[in-house]
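Colleague: Next up is a structure, given as structure tokens.
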Amino acid sequence: MVEQVPLNHALIVTTLMFFIGVYGFLTRKNLITMLISVEIMLNAVNLNFVFFDNYLFPGKLEGHFFSLFIIAIAAAEAAVAIAIFINLYRNIRSIDVEQVDKMKY
Amino acid sequence: MTVQELLLMRHEWALIAGVLILLVLELNFSEEQKSKSIISAVVIFTIITLLGFLPAESGSTFGGMYVTDPVRLLMKNILNLGVLIIFLQAGSWLQTKNNYNRVTEFYLLMLSSVIGANFMISAGHFLMFYLGLELLTIPITAAASYDQYKSKSAEAGIKLILSSAFSSAILLFGLSMLYGSTGEMYFSEVRFSNDLIQVLGFVFFFSGLGFKISIVPFHLWTADVYEGSPTNVTSYLSVVSKGAAIFVLVLLLINLFEPLRLVWQQVIYGTAIFTMTIGNLFAIRQQNLKRFLAFSSIAQAGFILLGVIGGSALGMATVIYFVLVYVFSNLAAFGVVIAIEQYAGKVNMADYNGLYKTNPRLSLVMMLALFSLAGIPPLAGFFGKFFLFTAVAASGFYILLFIAVLNAVISLYYYLLVVKAMFISKSESPVPYFQSDYPTRIALSACVIGIIVIGFYSPVFEYIKQLCLISF
């Protein structure tokens, strides 16, 4: 029987993941990578929910269900987002976020 | 589950049925008949709106996931009214050549988004709330990039979907902390106790919701998205999507986050000041009318926060009343912008010079709308602001009240800039005289009647206040 990882360590991992996602979202130039960063943030949240369910409220399933729903909605969001990226690519032949600057201030 | 329980979700059923009917109808229309779906959508939505006003019972269903009561019904009805006006205004734009083939898509996206708003308002569980929030946002991002051949529209779509995905991730992170510390997700069972992790979770949660309302540190997407989107979608974003988020914020703060009151009062105190001030100061320097209205709507959101901060039933009533007024005044302003953009293709403030000479009625509508937004008596906007200020004074935030009144004065300046352009400034080539189509005229007159009647007819506010006092 392997000793369980303490909850604190798990939470440190998810928090790190979340802020890695934030950092990526704020610094990346490519729209697809920005979307991936958001997905990392959402996955950190999923892990959070699952960890809380497992460690603090064993027997409850709400966290698990919530993470399933988050996965589904993230997929929907990515579908719409990528459709819009394609639309933008047709218009300006680029998906670099620095080119998306027609409107400012 | 009985039929009675299912009927509690009347608004949502009606909307879902409307979406399905529209889908089937569209299949039966040939290429030339596509514009018929404009009429059918408007008729269907009128029926849905009227259905919403029928008396209904309150209660909860789906094991408490879905809650409804008179206040929530009223909120949904207000949003429905707004959407109906938007549908009426959208007709002439949808009949243009580029959009001719995909008329139905616009209505489907809008209707799905309204379903999301309704579910979000009626949520009794965090999962339902989150699903409603996403259903509110995702279709509207698609609608924001509706103008396929304009790169600005695609840009607006990208800015909207990335910022909303980012904000919902932040909101969810806060939600996971709240779940971790309480172990419950049903609003009726969550018990907050002022733990540090709950405070942190609340701050994350509030930031996520703040993106949707465009409260100041989270407002940066607003102006760009409002400018780039088709104007009809912009009016939806600024009225319905923002209104729904505000309603939810009020409901959650008063019911659910009551134990954290001291925390959220401080948070809202700060954000309200920044939202009003920055919204107003940036609105002054805008030349594009859509951006101008974007910043004015940010400032209005700041005023709405004044009603929220008291956290009382009275504050809630003032917020609902203010949003009702805001729906009519903002949609009147957007209606004029849409009409002029449609017939002359102009959205800059300089293009409005001398509008009164050529289009006196449109300029009068615009003037009434802007005066109502600025809060000049005896229009409804004045009473809306007045009640908000009384709510703040009742809860004792006098410094906040002072800043709010100062901001009301600043806002008067930039609203009057537009009025000056229309009535006083001369122009070599003003927008020529044109007649807008009947639906737009109906929508604009409905807005004007709303702006004037709601102000004079005091039972409206009394009714809302009674409902709120009974329910909360």
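Colleague: Across the residues of A:63-75, average count of Cβ atoms on other protein chains within 10 Å? Mind showing how you got there, number by number?
Modeller: Working: counts 5, 0, 2, 9, 2, 0, 4, 8, 0, 2, 10, 5, 0.
Per residue, the number of nearby Cβ atoms from other chains is 4 on average.
Colleague: So for chain B, averaging the separation of alpha carbon pairs under 8 Å that are six or more residues apart and normalising by length, what relative contact order in percent results? The partial results should precede the final answer.
Modeller: Numbers: 729 pairs, mean separation 68.6, N = 472.
Relative contact order for chain B comes out at 15 percent.
Colleague: Can I ask one more? If you plug each phi of the stretch B:224-232 into the Karplus form 6.51 cos²θ - 1.76 cosθ + 1.60 with θ = phi - 60°, what whole-Hz ³J(HN,Hα) values come out, in order, with x for Gly and Pro?
Modeller: 5, 5, 5, 6, x, 5, x, 4, 5
Colleague: Across every pair of different alpha-carbon atoms, what Kirkwood hydrodynamic radius in Å does chain A reach?
Modeller: Result for chain A, one decimal place: 15.7 Å.
Colleague: What residues have an amide H closer than 5 Å to that of residue B:125, excluding those fewer than 5 places away on the same chain, when H is modeled at 1.01 Å from N in the peptide plane?
Modeller: For residue B:125, the qualifying residues are B:187.
Colleague: Could you list B:468, B:447 in order of exposure, starting from the residue whose Cβ has the fewest other Cβ atoms within 10 Å? If you can, show how the numbers build up before the last one.
Modeller: On the way: B:468 24, B:447 27.
Going from least to most buried by this count: B:468, B:447.
Colleague: Could you give the nm distance between label points at residue B:284 and residue B:394, where each point is 7 Å from its Cα heading toward the beta carbon?
Modeller: 3.3 nm
Colleague: Classify the stretch B:1-256 as rounded, prolate or oblate from the Cα gyration tensor: take a ≥ b ≥ c as the square roots of its eigenvalues, call it rounded if a/c is under 1.5, otherwise prolate when a/b beats b/c and oblate if not.
Modeller: On the way: a/c = 2.46, a/b = 1.35, b/c = 1.82.
Note, shape of the stretch B:1-256 comes out oblate.
Colleague: Residue-wise, which Karplus ³J(HN,Hα) couplings in Hz belong to the stretch B:346-362, taking 6.51 cos²θ - 1.76 cosθ + 1.60, θ = phi - 60°, and x for glycine or proline?
Modeller: 10, 10, 8, 5, 5, 6, 7, 4, x, 5, 5, 5, 8, 10, x, 5, 4
Colleague: According to the Kirkwood expression over distinct Cα-Cα pairs, how big is the hydrodynamic radius of the stretch B:259-472, in Å? Show your work: numbers first, answer last.
Modeller: Values: mean 1/r = 0.0563 Å⁻¹.
One decimal place: 17.8 Å for the Kirkwood radius.
Colleague: Please state, as a whole number in µm²/s, the translational diffusion coefficient that the Stokes-Einstein equation yields for the stretch B:367-472 at 37 °C and 0.692 mPa s, with Rh defined as the Kirkwood radius across alpha carbon pairs.
Modeller: Taking Rh from Cα pairs, D becomes 201 µm²/s.
Colleague: Also, I was wondering about something else. Using +1 at the Cβ of each Lys and Arg and -1 at the Cβ of each Asp and Glu in the stretch B:1-113, identify which of B:19, B:98, B:85 lies farthest towards the dipole's positive end.
Modeller: The residue sitting most towards the positive pole is B:98.
Colleague: Write down, largest first, the equivalent ellipsoid semi-axes of the stretch B:311-397 in whole Å, where each equals the square root of 5 times an eigenvalue of the alpha-carbon gyration tensor. The partial results should precede the final answer.
Modeller: Values: eigenvalues 212, 28, 18 Å².
So the equivalent ellipsoid measures 33, 12, 9 Å along its semi-axes.
Colleague: How many angstrom lie between the C-alpha centres of the stretch B:36-112 and the stretch B:225-257?
Modeller: Cα centroid of the stretch B:36-112 versus Cα centroid of the stretch B:225-257: 15 Å apart.
Colleague: Using modelled backbone amide H atoms (1.01 Å from N, in-plane), which distant-in-sequence or interchain residues come within less than 5 Å of residue A:30's amide H?
Modeller: Counting only residues 5 or more places away or on other chains, the set is A:97.
Colleague: Projected onto the charge dipole of the protein assembly as shown (+1 at Lys/Arg Cβ, -1 at Asp/Glu Cβ, origin at the Cα centre), which of B:187, B:327, B:380 gives the Cα projection farthest towards the positive end?
Modeller: B:380
Colleague: Looking at B:136, B:443, B:257, which one has the Cα that reaches farthest to the positive end of the dipole of chain B (charges on Cβ: Lys, Arg +1; Asp, Glu -1)?
Modeller: Of the listed residues, the answer is B:443.
Colleague: Using only C-alpha positions, report the orientation-averaged shadow area of the convex hull of the stretch B:128-181, nm², one decimal. Walk me through the intermediate numbers first.
Modeller: Numbers: hull surface 13.9 nm².
The Cα convex hull of the stretch B:128-181, projected and averaged over all directions, gives 3.5 nm².
Colleague: Show me, for the stretch B:430-444, the HN-Hα J-couplings you get by feeding each phi into the Karplus relation (A = 6.51, B = -1.76, C = 1.60, θ = phi - 60°), rounded to Hz, glycine and proline as x.
Modeller: x, 4, x, 5, 8, 10, 6, 6, 4, x, 4, 5, 4, 4, 5
Colleague: Non-local amide H neighbours of residue B:348 (under 5 Å, H modeled in plane, Pro and chain starts lacking H): which ones?
Modeller: B:289
Colleague: I've got another one for you. For chain B, how big is the tail of P(r) above 43 Å, as a whole percent of Cα pairs?
Modeller: Working: 10504 of 111156 pairs.
Here the tail beyond 43 Å accounts for 9 percent of pairs.
Colleague: Next question. Calculate, for residue B:386 and residue A:96, the FRET efficiency according to 1/(1 + (r/R0)^6) with r their C-beta to C-beta distance and R0 35 Å; round to the nearest 0.05.
Modeller: On the way: r = 49 Å, r/R0 = 1.40.
Efficiency computed from Cβ-Cβ geometry: 0.10.
Colleague: Could I ask something else about it? Please report, in Å, the Rg and the Dmax of the protein assembly as shown, where both are computed over Cα atoms only.
Modeller: Answer for the protein assembly as shown, Rg first and Dmax second: 23.1, 86 Å.
Colleague: Still on this structure, I have one more. Just subtract the alpha-carbon distance of residue B:97 and residue B:458 from 0.36 nm times their residue separation and send over the number in nm, one decimal. Walk me through the numbers on the way to the answer.
Modeller: Working: separation 361, 0.36 × 361 = 129.96 nm, distance 4.52 nm.
Between residue B:97 and residue B:458, full extension yields an extra 125.4 nm.
Colleague: Another question, if that's okay. Using label points projected 7 Å from each Cα along Cα→Cβ, tell me how many nm separate residue B:346 and residue A:82, to one decimal.
Modeller: Here the answer is 4.5 nm between the modelled labels.
Colleague: Mind jotting down the three principal axis lengths of the stretch B:1-128 based on Cα atoms? Whole angstrom, largest first.
Modeller: 47, 27, 25
Colleague: Calculate the FRET efficiency for residue B:364 and residue B:193 from the Cβ-Cβ distance with a Förster distance of 60 Å, rounded to the nearest 0.05. Present the calculation step by step, with values, prior to reporting the outcome.
Modeller: On the way: r = 55 Å, r/R0 = 0.92.
Computed FRET efficiency for residue B:364 and residue B:193 comes out at 0.60.
Colleague: Determine, from the Cβ-Cβ distance of residue A:9 and residue B:472 and an R0 of 45 Å, the FRET efficiency 1/(1 + (r/R0)^6), rounded to the nearest 0.05. Don't skip to the end; give the middle numbers.
Modeller: Values: r = 43 Å, r/R0 = 0.95.
Computed FRET efficiency for residue A:9 and residue B:472: 0.60.
Colleague: Also, quick follow-up: Quick check: net charge around residue B:300, other residues with Cβ under 12 Å of its Cβ, Lys/Arg +1 and Asp/Glu -1? Please list the in-between numbers first.
Modeller: On the way: positive: B:242, B:385; negative: none.
Counting the neighbours of residue B:300, the net charge comes to +2.
Colleague: If you don't mind, another one. Evaluate the charge dipole of the stretch B:1-256 about its Cα centre and quote only its size in Debye, nearest 20, assuming +1 on the Cβ of each Lys and Arg and -1 on the Cβ of each Asp and Glu. Could you put the intermediate results ahead of the total?
Modeller: Numbers: 13 positive and 16 negative charges, 87 e Å.
The dipole magnitude comes to about 420 debye.
Colleague: Something else now. Taking neighbour Cβ counts within 10 Å as the exposure measure, how do B:382, B:106 sort from fewest upward?
Modeller: Working: B:382 18, B:106 23.
By the 10 Å Cβ count, ascending: B:382, B:106.
Each reported figure results from applying straightforward, stated rules to the coordinates on display, with no laboratory input. Bear in mind that the values here come from a model prediction, so they are computed numbers and not experimental data. All Cβ positions, even for glycine, are placed from backbone atoms using ideal geometry, and neighbour counts span all protein chains on display.
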